[in-house]
1. When you scan the range B:129-137, do you find a residue that is outside any loop (DSSP other than H, G, I, E, B) and within 14 Å of chain A (Cβ to nearest Cβ), even just one?
2. Please give the number of the condition A:S62 fails out of (1) more than 14 Å from chain B (Cβ to nearest Cβ); (2) surrounded by fewer than 17 Cβ atoms within 10 Å (Cβ to Cβ); (3) among the polar types (S, T, N, Q).
3. Which residues, counting only those in the range B:297-315, are at pLDDT 80 or above and surrounded by 15 or more Cβ atoms within 10 Å (Cβ to Cβ)?
4. Does at least one position in the range B:157-165 carry a residue that is surrounded by fewer than 21 Cβ atoms within 10 Å (Cβ to Cβ), touching a strand residue (DSSP E or B) at 6+ places or on another chain (Cβ under 7 Å) and small (G, A, S)?
5. When B:I387 is evaluated against the numbered criteria (1) more than 14 Å from chain A (Cβ to nearest Cβ); (2) at pLDDT below 95; (3) over 29 Å from B:G298 (Cα atoms), which criterion, by number, is the only one it fails?
6. Against the definition (out of contact with any Gly (no Cβ under 7 Å at 6 or more places or on another chain) and not in a helix (DSSP H, G or I)), how does A:A314 come out, yes or no?
7. Among the numbered conditions (1) within 11 Å of another protein chain (Cβ to nearest Cβ); (2) in contact with a Leu (Cβ under 8 Å, 6 or more places away or on another chain); (3) under 24 Å from A:L422 (Cβ atoms), tell me where A:D246 comes up short.
2 protein chains.
Amino acid sequence: MVGDGALRALPLDGAGGRRGTNLPAMGDFNQSVILEAVRRAPQGLSRVELAEATGLSAQTVSNISRRLLDADLISEAGKEVSGPGKPRTILRLNPGGRFALGAHLDPTVTTVVLLDLAGSVIARERIGTPLQQRPDEVIDAIAATAERLLIDSGIDRSRLAGLGVAAPGPIDPVAGALVGPPNLQGWHRVAVRDELRLRSGMEVVVDKDVTAAAVAEKWAAASGAGSGSFVFLYVGTGIGAGIVVDGEVVRGSADNAGEVGHIVVDPGGPECTCGSRGCVAVTCTPEALVREWWGLGGRSADRGATDTEAIDGAFTLLAAEAGSGDPLAVLVLERAAMRFARLLAVMTNLLDVDRVVLGGPFLTPISALMMSTVPVELEGLRAARGIHPLGVGTSALGDDVAAIGAAALILDRTLSPQTRSLMLPAILA
Amino acid sequence: MVGDGALRALPLDGAGGRRGTNLPAMGDFNQSVILEAVRRAPQGLSRVELAEATGLSAQTVSNISRRLLDADLISEAGKEVSGPGKPRTILRLNPGGRFALGAHLDPTVTTVVLLDLAGSVIARERIGTPLQQRPDEVIDAIAATAERLLIDSGIDRSRLAGLGVAAPGPIDPVAGALVGPPNLQGWHRVAVRDELRLRSGMEVVVDKDVTAAAVAEKWAAASGAGSGSFVFLYVGTGIGAGIVVDGEVVRGSADNAGEVGHIVVDPGGPECTCGSRGCVAVTCTPEALVREWWGLGGRSADRGATDTEAIDGAFTLLAAEAGSGDPLAVLVLERAAMRFARLLAVMTNLLDVDRVVLGGPFLTPISALMMSTVPVELEGLRAARGIHPLGVGTSALGDDVAAIGAAALILDRTLSPQTRSLMLPAILA
């Protein structure tokens, strides 16, 4: 139920059979639907409007509104006169009714945020992730930073729903562990979830950074933007995709959906470790683009360096030079845009989504250039062009999208409508 | 409700909001869950076992079983003594309780089948689809064949749930029309659904052939095989994918999911019309493989021909030669297997499914060769290897998989649990 901060148990598919649903599951689901409708209407909604928006009966809306008011998740915000009859009471989200912490574990920087129920960042701190640091030191730092943000904010601990962690994939969802992420050496099979639970005493969930980014977009982006079906192309140290179908995140059988590193986007491109050529991993990552730029004569102080920080710096310079019109930098990023369009075409043709969102820390500095090329190129490659339009946009959440998503993982799991939560859980043998 | 043969209205996402659910929707959903559990247990299940399998209460199982018995969808099949206490009545599917017709519209041959509730083919007929035939002639032939199969079978028309059509994509789901399928000239924007409704008086649905194949696998394959998440790689005149996530088909925003023709699987391969090289469309289709074989010196009577029937014949010969160990034919198909593995790696890494199914009319003759290469190659390319196993198998439904799937579309929409059907429909403005 809403209010206890506990995560709902998700049902397991037993011996292939689907599970039924019952009244308590239905009540929880409808409560989430009402909360989501209120959340997506910053100006608030009356009970009558909520019934229209959700299809639920006036009685159901009235009962659920009462429960949400009692749980402090929504509040009454004045009355509205609308035609004849009694003025209607407006219900609005209570942003301070629940909070969540989120940590984005990244090869260069770990970001911790505190999010309120409206998806606003209340507090934020960045801590370095030096590659020589041991995993337990980084986990200690995350726990300490999360605790400090919570205390400094002065919010009531009972209103904290938990701590979400976004990390590079692949992950082992059963162990709550990272499984040898290519850019985080020494992190093989580190049980981040349990370690953080022990240190913080908080409810902890772990998910892939790209999935977290999609959840951020679904939860924290402008009202309406997070609905429907979309692919979030996340450009970080690595590149991956978050997938949302009909408003729900597609995580896959073991939460590892969204791996796109070996999709070929440039058949004439360099060889890849997978045995193919021109894969995303060797043509689209910040490191690949910086190396391409250097190879064509691009100059930066760190030219030829291989460490993550040097690549970061060089990429920033590449983006800045392209922004000021330097032909070589523009050429490199135009090529990148063509490859991103090809990658997005693979995903949108396979999944036939409504729209795509581009985001992540390395997308921010090149977003204008990407938006001038990607939509046009992608449209030319779409199988469903002429049948329905495809929206292309950039995330409004900036560099912190994965950290915001990490916190949103907690809010999404506890408070968003999940059709899977309608199914009765199977008993574990 | 079950029994009237009508299709459930699927909810529309309104202005971005999710819809709630209510008791009637829940009752329908649970009824589908119980029917599916019975359907997947050929030996039958007692009410107690059904309660365990679905998580539903004994009272709910009892009420729903009564309704399913009244609707002739299940029957009582003797009693079983199990420990102390009253013997338990076994409930089994009544295969003759409902039927559906399916038509697979294909460039070379159109297949019409009559399916019972157990997914068994009761009757089947193939009619030619000469390319010079006009769409209205083909539609006339489908309607006449469907009617003849129905009459010859002697089944009660009231037990027919409808007629499903599987066709090459893309499709326009609103108009129920094909949208210029590359291999069916003259079929641009032909409103197959409405034309067939007019001629047959039956409920008609239209879907992509690859989606129908996935539904066939989900509905008609051996018990348990259709659950979970899987990708169906369909090898027909064209190649596409059907996607099932958590037991439900992913159709996309406009029912056009599953387009894989321009995924690059051989960067050194031939140029494609899309501007890239080595796409599925130019390296994996039967025509591409036959041309590759001819190019390497492979001999067949039709060498150099371009019409669909000649390609069909040459592909059959290629498959037969490979089957008898001809080195050149084996080489061509081994290369094809590597490309299929790369295509499947793109999809399984993106979606993290439990398993993949290979099928379709052109897969059948080469399935042994594919199964000796694809699983090993695919495993080497999987991001989630070591985290969970991936099953790889071939469809047991053979050449008729798309026609069976077309009929299963009808059964699936009316009788399978669909979480979307739990959501209250939005009112169209």
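1. Just the residues of the range B:129-137 that are outside any loop (DSSP other than H, G, I, E, B), to begin with: B:135-137.
So of that shortlist, the ones also within 14 Å of chain A (Cβ to nearest Cβ) come out as none.
So far as the range B:129-137 goes, no, none of its residues is outside any loop (DSSP other than H, G, I, E, B) and within 14 Å of chain A (Cβ to nearest Cβ).
2. Here A:S62 meets the rest and fails (1).
3. To start, the set of residues in the range B:297-315 that are at pLDDT 80 or above comprises B:297-299, B:307-315.
Those that are at pLDDT 80 or above and surrounded by 15 or more Cβ atoms within 10 Å (Cβ to Cβ): B:G298, B:T308, B:E309, B:A310, B:I311, B:D312, B:G313, B:A314, B:F315.
4. No, that holds for no residue.
5. B:I387 satisfies every listed condition except (1).
6. Working: out of contact with any Gly (no Cβ under 7 Å at 6 or more places or on another chain): yes; not in a helix (DSSP H, G or I): no.
So A:A314 fails the test.
7. Here A:D246 clears every test but (2).
Yes or no, residue by residue, for (1) under 23 Å from B:E248 (Cα atoms); (2) in contact (Cβ under 8 Å) with a residue 24 or more places away in the chain; (3) not basic (K, R):
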position	(1), (2), (3)
A:M338	no, yes, yes
A:R355	yes, yes, no
A:A368	no, yes, yes
A:L378	no, yes, yes
A:A383	yes, yes, yes
A:G386	no, no, yes
A:P389	no, no, yes
A:G398	no, yes, yes
A:V401	no, yes, yes
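The values are calculated or read from the model by the stated rules, or taken from the named source; none is laboratory data. Since this is a predicted model, take the numbers as computed values, not measurements. Here the Cβ is made from the backbone with ideal geometry for all residues, glycine too, and neighbour counts use every protein chain on show.
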